[in-house]
Amino acid sequence: EYRLAEMIEKKDEQGRASKEELELGRWSAEVVERNIENVMRMVEQGVKVIHGTDAGVSYIPFTDYALALELLVGSGGMSPEDAISSATRDAAEALGINTGEIEPGRAADICLIEGDPIQNISAIRDVRYVYKEGQLVYSEPVD
């Protein structure tokens, strides 16, 4: 809903949004606000939050996985450490898979980024390398 509201807002700024789109944009913004408030309450009450995405629909691309982490930290009241854990260790634990932490006996699934996401969660967007079970599966293209 965040990207949908953002997309409609841009159309509105350009004077191209229909009345129906404006209503949908307002609804989407309200859903996002309500979801963030719910996450904030869960975090305050100690509920373990697992990072996820609705990627796959036309306005939520798979390439925007970092957005939810940014929202969890920026608006949801989570620390960067907790947000990253929600997408790695906690998610792996919830799914019952042998990854999510770097330690002996775990699958060597590692994402190397440029920058320090503890200082700036948006650094998580700058992926340089991805290893799956110890094998390089992605390397940032060289210009």
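The values are calculated or read from the model by the stated rules, or taken from the named source; none is laboratory data. Every value quoted in this text rests on a predicted model; they were computed, and no experiment measured them. As a convention, Cβ positions derive from the backbone with ideal geometry for all residues, glycine included, and neighbour counts pool all protein chains shown. Ligands, DNA and RNA are stripped out before the accessible areas are found, and what is left, the full protein with its side chains, is counted by its heavy atoms. Shrake-Rupley method; radii C 1.70, N 1.55, O 1.52, S 1.80 Å.
Computed values, structure above
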| read-out | value |
| --- | --- |
| The chain - mean residue ellipticity at 222 nm from DSSP helices (-39,500 (n - 2.57) per run, n ≥ 4, rounded to 500) | -13500 deg cm²/dmol |
| Accessible surface, per residue, of the chain when the full set of protein chains is kept, probe 1.4 Å, Å² | 67 Å² |
| 15 Å beta-carbon shell around Leu95, net charge (K/R +1, D/E -1) | -1 |
| About the Cα centre, charge dipole magnitude for the chain (Lys/Arg +1, Asp/Glu -1 at Cβ), debye | 200 debye |
| Mean-position separation - Cα centroids, region 1-41 and region 112-141, in angstrom | 30 Å |
| Farthest positive-ward along the chain dipole, Cα basis, beta-carbon charges - from Ile102, Val57, Ile113 | Val57 |
| Neighbourhood charge, 13 Å Cβ-Cβ cut-off, centred on Ser122 and excluding it, Lys, Arg +1 and Asp, Glu -1 | -4 |
| Percent of Cα-Cα distances greater than 18 Å, calculated over the chain | 65 percent |
| Percent accessible area from carbon and sulfur atoms, region 80-143, protein chains only, probe 1.4 Å | 51 percent |
| 18 Å Cα-Cα reach of Lys19 towards lysines, excluding residues that sit fewer than 8 places from it in its own chain | Lys10, Lys11 |
| Cβ-defined net charge surrounding Ile8, 12 Å radius [Lys, Arg +1; Asp, Glu -1] | -2 |
